[in-house]
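Take a look at the structure set out below.
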Amino acid sequence: MTGMIAGSGMLRSRGPLGLGATLGLGSFGAVSSQSDSNRPDYVLRISASPVEIAPKHIVSTITYNRQFPGPLLRFKEGQPATVEVHNETDTPEQLHWHGQMVSTDVDGAAEEGTRFIPARGMRRIVFTPRPSGFRFYHTHNRAGADLHAGQYSGQVGPVYIESKREAGSYDREVFLVLKEFEPSFSQGGDMAQDLLTPSTRVKELESSGESAMKASLAKGMPHGYEVGYP
């Protein structure tokens, strides 16, 4: 995947958790699971919507259920689940179950054989979630040079698969999804790399990278493009 999802995780704690009190959980807007076996456990709708990424800073992007992050989906390990996905955009979509061990027909990767969810169409996905733990779901469309498509959009949401053996001991759950918005291209190493510099530099890797760049330039190839974020 491209550097679209900056990070994600779940915190579990014992005792008071000040972090949870300040973050809250409402932004995930978990979709209620249905008890009727004829209905899907969850319904996701892919559509364009405004997202307030900071106070009074609103961007227009593609989301799940008109929110970012997408709704929290909770499953039970080894228990079959059904998710209905409505694609309300004009572009065929893929919904990928990141980190799950599922068959290729529902994995959500076209290169592995998953069929696309057609534009203005719907697909009902049936699978058995595993392994337990924190995962996430996101689009698997390739954006190419379109910085408004694929994982440059807001299509990502958290998944929690409850263990069938060990439920864990905690007082409160806090799910975190971090992501960068408003990408732009830069060329020829113009983008600052301070945040990517490791505390301990590896000379062999630096030399290898520099050699590869010099070899490309010697052949007359232009500097490549990088994606940065404000």
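The values are calculated or read from the model by the stated rules, or taken from the named source; none is laboratory data. Note that this is a predicted model, so its numbers are computed, not measured. Every residue, glycine among them, receives a Cβ derived from its backbone with ideal geometry; neighbour counts consider all protein chains shown.
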Practice problem: Could you check how many residues of region 110-132 are small (Gly, Ala, Ser) and within 30 Å of Arg165 (Cα to Cα)? | Solution: 1
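Please count how many residues of region 61-85 are acidic (Asp, Glu) and either at pLDDT 95 or above or in contact with a Cys (Cβ under 9 Å, 6 or more places away or on another chain) (or both). Explain how you work it out, then say what you get.
Just the residues of region 61-85 that are acidic (Asp, Glu), to begin with: 77, 84.
Filter once more, so that each one left must be either at pLDDT 95 or above or in contact with a Cys (Cβ under 9 Å, 6 or more places away or on another chain) (or both): 84.
Count: 1.
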Practice problem: Return the pairs, sorted by first residue and then second, in which the second residue is surrounded by 10 or more Cβ atoms within 10 Å (Cβ to Cβ) and among the polar types (S, T, N, Q), the first residue lies in region 200-220 and is in contact (Cβ under 8 Å) with a residue 12 or more places away in the chain and assigned to a helix (DSSP H, G or I), the beta carbons are less than 8 Å apart, and the residues are 6+ apart or on different chains. | Solution: none
Quiz prompt | All positions within region 96-116 that are more than 19 Å from the chain's Cα centre (by Cα) and touching a residue at least 24 places away in the same chain (Cβ under 8 Å) | solution = Ser103
Quiz item: For region 117-189, which fully contained strands (runs of 3 or more DSSP E) count at least 2 residues that are within 15 Å of Arg74 (Cα to Cα) and in contact (Cβ under 8 Å) with a residue 12 or more places away in the chain?
Solution: 122-127, 133-139, 156-162, 172-179
Exercise. Select from region 55-88 the residues that are more than 18 Å from the chain's Cα centre (by Cα) and more than 24 Å from Tyr160 (Cβ to Cβ) and write down the one among them that is surrounded by the most Cβ atoms within 10 Å (Cβ to Cβ).
Key: Glu88
Practice problem: Kindly establish whether Gly78 is in contact with a Gly (Cβ under 9 Å, 6 or more places away or on another chain) and either assigned by TED's automatic domain parsing to the domain that holds Tyr160 or of a type in the set (Gly, Ala, Ser) (or both). | Solution: no
Quiz item: Listed residues Arg142, Arg130; which is over 27 Å from Gly228 (Cβ atoms) and among the charged types (D, E, K, R)?
Solution: Arg130
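Going by the conditions given, is Arg130 in the same structural domain as Val177 (by TED's automatic domain parsing), in contact with a strand residue (DSSP E or B) (Cβ under 6 Å, 6 or more places away or on another chain), basic (Lys, Arg) and farther than 17 Å from Ile46 by Cβ?
Working: in the same structural domain as Val177 (by TED's automatic domain parsing): yes; in contact with a strand residue (DSSP E or B) (Cβ under 6 Å, 6 or more places away or on another chain): no; basic (Lys, Arg): yes; farther than 17 Å from Ile46 by Cβ: yes.
It is false that Arg130 is in the same structural domain as Val177 (by TED's automatic domain parsing), in contact with a strand residue (DSSP E or B) (Cβ under 6 Å, 6 or more places away or on another chain), basic (Lys, Arg) and farther than 17 Å from Ile46 by Cβ.
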Exercise. Could you please give the count of residues in region 172-221 that are surrounded by 10 or more Cβ atoms within 10 Å (Cβ to Cβ) and either under 25 Å from Ser153 (Cα atoms) or at pLDDT below 75 (or both)?
Key: 19
